[in-house]
Amino acid sequence: MTPAEMDKKIEFILQMQSQFEANIGRLETNVARSEANVGNLRASIAELAVVVRDSIKSSDDRSTRFDLKMLELAEAQKITDERLNALISVVERHITGPDHAPRS
């Protein structure tokens, strides 16, 4: 190998080493940015978990209150039906009078 060829190869190797060093520097910067992004994502996920947990609890509480109100409404409807049936019986007896009463 001639000295010129040797110099050319050495120059090529030095250029490659310089390029590798620049690439490693960019990679280090990208890794640092990625680590910061991962940290931000972790914080966001933790906040989201709190919001979702609170939302689910709130929804469960509303559902429980709704169930209780529905039970109260069903009970009130039962009482209303009983009173309406009693009123219907009174009105039917009044309209039909004693002459129309069923015979036993």
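Once the Cα atoms are used to define both axes, helix 3-96 deviates from the longest principal axis of the chain by about 0 degrees.
Just rank 70, 1, fewest to most, by other beta-carbon atoms within 10 angstrom.
Numbers: 70 10, 1 7.
With the sparsest Cβ surroundings first, the list reads 1, 70.
The charge dipole of region 3-100, taken about its Cα centre with unit charges on the Cβ of Lys, Arg, Asp and Glu (plus for the first two, minus for the last two), comes to roughly 100 debye. Farthest towards the positive end of the charge dipole of region 22-104, among the residues 74, 27, 97, is the Cα of 27, using unit charges on the Cβ of Lys, Arg, Asp and Glu. Please identify the trypsin sites (Lys or Arg not before Pro) of region 1-54 that satisfy two criteria: DSSP loop assignment and at most 10 other Cβ atoms within 10 Å. Which are they? When the trypsin sites (Lys or Arg not before Pro) of region 1-54 are filtered for loop state and at most 10 Cβ neighbours within 10 Å, nothing remains. Candidate cross-link partners of residue 69 among the aspartates and glutamates, defined by an alpha-carbon separation under 16 Å and a same-chain spacing of 8 or more, comprise 60, 61.
The numbers here are math on the coordinates, done by the rules we state, and not lab data. The structure presented is a predicted model; accordingly, all values stated were derived computationally and were not measured. No Cβ is skipped: glycine too gets one built from the backbone with ideal geometry, and neighbour counts run over all protein chains shown.
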